[in-house]
Amino acid sequence: MTNQRDEPVQEGAGAMRGIILRSTGSWYQVSEWNSRAVYGCRAGGRMRLNGERSTNPLAVGDIVQFESNGQTEAGLITEREERKNAIVRRSVNLSKESHVVAANLDRAFLVATISQPSTSTGFIDRFLVTAEAYGIPTTLVFNKCDLVAASERDEEALSYMSELYQMAGYDVLRVSAQTGEGLPELRAAIAASGVNMLSGHSGVGKTTLINQLLPGLELRTGDVSDSHQKGKHTTTYAEMFPLPSGGYLIDTPGIKGFGLVQLEKEHLHHYFPEIFALLSSCKFHNCLHRAEPKCAVRSAVEQGMIAEERYLNYLDLYENFDADNQYR
Ligand SMILES: Nc1nc2c(ncn2[C@@H]2O[C@H](COP(=O)(O)OP(=O)(O)O)[C@@H](O)[C@H]2O)c(=O)[nH]1
Ligand SMILES: [Mg+2]
Ligand SMILES: [Zn+2]
């Protein structure tokens, strides 16, 4: 048996397979595949990850080979298995390096709120395009519905948003981490697949939801107290929690936006499912649904079969797609 370095891994000397639960710079928590026992590990210094321009070659959700002599605090990661997908964002410094938020996701839950803070459809659509491009099915979770119930305008906004995304084919859940409304449905949706990620703006209640779903964790949550009504950054790194059902749940720090590292402008429309579904009905096989004649997408928008706001967000993304393929 060999690893990527072509050095023999001694059978019985503790070569194991695991999944990264947490990474804080050079230190990793790895859950052993079968026993789920957690090992503290460093990364082998000579581990080569051919030509990636990433600030973190190992991320939460990565499946790795590691060695340990039985001590749970002194593991060594020797190999990373190929990723089936990875959510990437531009690194905080201005270099072209990217930062992998999490890898090998089976489902994303985009947590959004109508108020405190409000989530725009522009932000939701950028997230959905990214998730579609990576092939990660996404469920929309509107949290803080207890607040919505107190305002007629917010109720209308929530109904509008729910319909917008249901029309586009997405599952939409309405929940409140505070009152418990909708949590059984959220729990059921999560248990259905392996590695689940909660994402969304800072302050929308991701960590509070995880505390509700996994009692006993008692993670720190943020107060919506500063002047912008955006929660404080209480979650600094993505972190993954094992679920009793066998799956995992990832809490991510509030994100401002994701980069679409491998996406081309001309392919953007492939990642709006309801738009892409009509492409074969457009006159031109390479229709971009802008000003082309006999465009089935534009007539569907006119007939109310495709939501105008989704279509306008598509046009906006297309027009403002910058050279770095990055969203802000
Ligand atoms: N009213 C209300 N407040 C909530 C709800 N869920 C979370 N919060 C509050 O929103 C703030 C931010 O929550 P947090 O979980 O830290 O958000 P995160 O940044 O997405 O992890 C905290 O003060 C929570 O108590 C909810 O369903 N209703
Ligand atoms: Mg949080
Ligand atoms: Zn068209």
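The values are calculated or read from the model by the stated rules, or taken from the named source; none is laboratory data. Bear in mind the structure is a predicted one, so any value in this text is a computation, not a measurement. Quick reminder, even Gly has a Cβ in these numbers, built from the backbone with ideal geometry, and neighbours come from all protein chains shown.
Remarks
- Members of segment 295-322 that are hydrophobic (A, V, I, L, M, F, W, C) and assigned to a helix (DSSP H, G or I): 296, 297, 300, 301, 312, 315, 317
- Pick from segment 241-257, criterion small (Gly, Ala, Ser) and either closer than 10 Å to residue 196 by Cα or within 16 Å of ligand 1 (Cβ to nearest atom) (or both), ranking: modelled with the highest pLDDT: 247
- Pairing residues of segment 202-215 that are surrounded by fewer than 24 Cβ atoms within 10 Å (Cβ to Cβ) with residues that are small (Gly, Ala, Ser), at Cβ distances under 6 Å and at least 6 apart in sequence or on separate chains, gives 202/231; 202/254; 208/177; 212/177.
- Residues that are more than 8 Å from ligand 1 (Cβ to nearest atom) and part of a helix (DSSP H, G or I), drawn from segment 211-222: 212, 213
- Failed condition for residue 179, given (1) more than 11 Å from ligand 1 (Cβ to nearest atom); (2) over 13 Å from residue 109 (Cβ atoms): (1)
- Number of the condition not met by residue 179 [criteria: (1) part of a loop (DSSP other than H, G, I, E, B); (2) surrounded by 21 or more Cβ atoms within 10 Å (Cβ to Cβ); (3) of a type in the set (Val, Ile, Thr)]: (2)
- Pair list, Cβ under 6 Å, 6 or more apart: segment 12-28 residue modelled with pLDDT under 95, other residue of a type in the set (Gly, Ala, Ser): 14/68
- The selection criterion, being more than 25 Å from residue 253 (Cβ to Cβ) and in a helix (DSSP H, G or I), holds for residue 155.
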